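First comes the structure, then the notes that go with it.
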Amino acid sequence: MSKANKRTSNNTFDFNNSSDTREWLELRDPDDGHRWLFDVSFLTSSWTCIFLEGCKGVLTEDSSELVQGCCSYGAHFADENDVHEVSEHAKKLTSSQWQFKPIGDKKGFLKVNRKDSTKMTRLVDGACIFLNRTNFPTGPGCALHQAAIQFGDNPIAWKPDVCWQLPLRREDVLHDDETVTTFFKEWSRKDWGVGGEEFHWWCTESNDAFVGKVPVYIGLKDEIIEMIGDHLYYELKFTLDRRKKFALPHPALRNRS
């Protein structure tokens, strides 16, 4: 398991939000016996990324016309290895692939928060420095993602961890007996912190984004494997293949009129 967004907490995970009831699946990692709880309602749902197809962005009002998706605030890096991997791939970008390469070459793509030393991508004109805009020849989208495809690579290897993982989230919860339970779920508003509540729109709570042709656990297979490992993924898939028709629907689908 090489990459994962995770937060270790002493808090008990809240199952009791009645307005957001969903189904969970418990599995033990066949490699080490680690306890996992998977959000079945999300993983078997039809959620799909609708960037360029109706995404309203994550600003305080509908920003569809900006075509920024969830890139408006830049990407926070998981660790130094995450920074290093992006740095190595950014060096490969040409001016025809990256709209803001001149700024990146001059100032760097990295911004460091002085308060807590948090590292994130620099913002240019109100969004991530790697986001090519609508007036760029490549069309709007992440320069790293677009270039990876041009090179025949998987974008997972090129992009900041949080960018390719969204909207998947791994959260480790430390219990009083020092055991750990890992929740594998969707990224919700609260996971963005206080600012998440200010979003005009967020894709995993809106039925707009639940229009995929395949369930999440199939459509995001590569991302899930990268986050939980091959063995556990195929055990998960084996179970969900048989359970998907009977799973409790995602709250966004239950709210669909």
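The values are calculated or read from the model by the stated rules, or taken from the named source; none is laboratory data. What you are looking at is a predicted structure, and each value in this text was computed from that prediction instead of being measured. All Cβ positions, glycine included, derive from the backbone under ideal geometry; neighbour counts span all protein chains shown. Side chains included, ligands, DNA and RNA excluded: accessible areas come from the protein's heavy atoms. Shrake-Rupley method; radii C 1.70, N 1.55, O 1.52, S 1.80 Å.
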Within the stretch 182-219, take every residue that is open to solvent by 30 Å² or more (accessible area, probe 1.4 Å) and among the β-branched types (Val, Ile, Thr) and give me the one that is nearest to CYS70 (Cα to Cα). VAL194
Strands (runs of 3 or more DSSP E) wholly inside the stretch 35-122 containing at least 2 residues that are closer than 25 Å to THR204 by Cα and touching a Ser or Thr at 6+ places or on another chain (Cβ under 8 Å): 35-39
Looking only at the stretch 76-93, count how many residues are within 16 Å of HIS145 (Cα to Cα), touching a residue at least 40 places away in the same chain (Cβ under 8 Å) and open to solvent by 30 Å² or more (accessible area, probe 1.4 Å). 2
Tell me which residues, restricted to the stretch 39-75, are surrounded by fewer than 17 Cβ atoms within 10 Å (Cβ to Cβ) and not small (Gly, Ala, Ser). CYS49, LEU52, GLU53, THR60, GLU61, ASP62, GLU65
Within the stretch 154-173, can you find the residues that are part of a helix (DSSP H, G or I), more than 19 Å from LYS111 (Cβ to Cβ) and touching a strand residue (DSSP E or B) at 6+ places or on another chain (Cβ under 8 Å)? PRO155
Complete set of residues in the stretch 224-257 that are without any contact (Cβ under 8 Å) to a residue 40 or more places away in the chain and closer than 19 Å to VAL214 by Cα: ILE225, TYR233, TYR234, LYS237, PHE238, ASP241, ARG242, LYS245, PHE246, ARG254
Are there any pairs, at least 6 apart or on different chains, whose C-beta atoms fall under 7 Å, with the first in the stretch 137-163 and among the acidic types (Asp, Glu) and the second not in a helix (DSSP H, G or I), and if so, which? ASP161/LYS3; ASP161/ASN5; ASP161/ALA78
Of the residues in the stretch 220-232, those that are in a helix (DSSP H, G or I) and buried (at least 17 other Cβ atoms within 10 Å of the Cβ) number 7
